[in-house]
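Report on the following structure.
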Amino acid sequence: MLLAHLQQPHSPAPAEAPAEDPAPASAVELDAKDVLAASERFPWAVAAPGERHWPDGSDFLDVALSAVRPEEREGYIERLEAFVEQHRPRLEEMLRTHGPGSKPASHGRYALIGQPETLVILKRMENAPFLLRSQWEKELETVFLDDLEFVWGPRLRLRR
């Protein structure tokens, strides 16, 4: 068998392999400032600026946006707004029960609740939970994501 293998013609070297066209870069970029501005348009889902745990939650937003796949970027803000409207009662309840000023928050937990960046995190949690966690674990402490996952609860998908 070794002799048969050695008598086989050589395969082309990697340099001789035909070159493929590089994948086109995504033309649509997400501007974190635009996404944040969209998130702040929902006062019933976010705490007042003076009550937020982090005045600048850009680290959280950057990680959440890094979990938005290129093919999801076009029209992302509109889909985020639709997500927030769709989950309005759930978001209002979460802010009321675990947001700034609540008993659980007074113990130092659930610090992300009430942050506008959290709306993006929750959308990613619903649409790409494993990608979000993977990106998060590279950059941030997982306790914040764990707490948010606990309060948001299991993914509920009704199929009709």
Requested in this report: Would you mind pulling out the separation of the Cα centroids of the range 114-128 and the range 51-96, in Å?
Outcome: 4 Å
Query raised in the report: Dipole magnitude of the range 17-150 about its Cα centre, charges +1 at Lys/Arg Cβ and -1 at Asp/Glu Cβ only, in debye to the nearest 20?
Result: 600 debye
Report task. Would you please give the FRET efficiency between E141 and E74, computed as 1/(1 + (r/R0)^6) with r the Cβ-Cβ distance and R0 = 22 Å, to the nearest 0.05? Result -> 0.10
Report task. At a Cα cut-off below 28 Å, give the lysines reachable from K103, other chains included and same-chain residues fewer than 8 away excluded. Result -> K123
Query raised in the report: Computed on alpha carbon atoms, what radius of gyration and Dmax characterise the range 32-160, expressed in Å?
Result: 13.7, 42
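Every number here is computed from the coordinates shown, using simple stated rules; none is lab data. Quantities reported herein were computed from a predicted structural model and do not represent experimental measurements. Backbone-built Cβ (ideal geometry, glycine too); neighbour counts: all protein chains shown.
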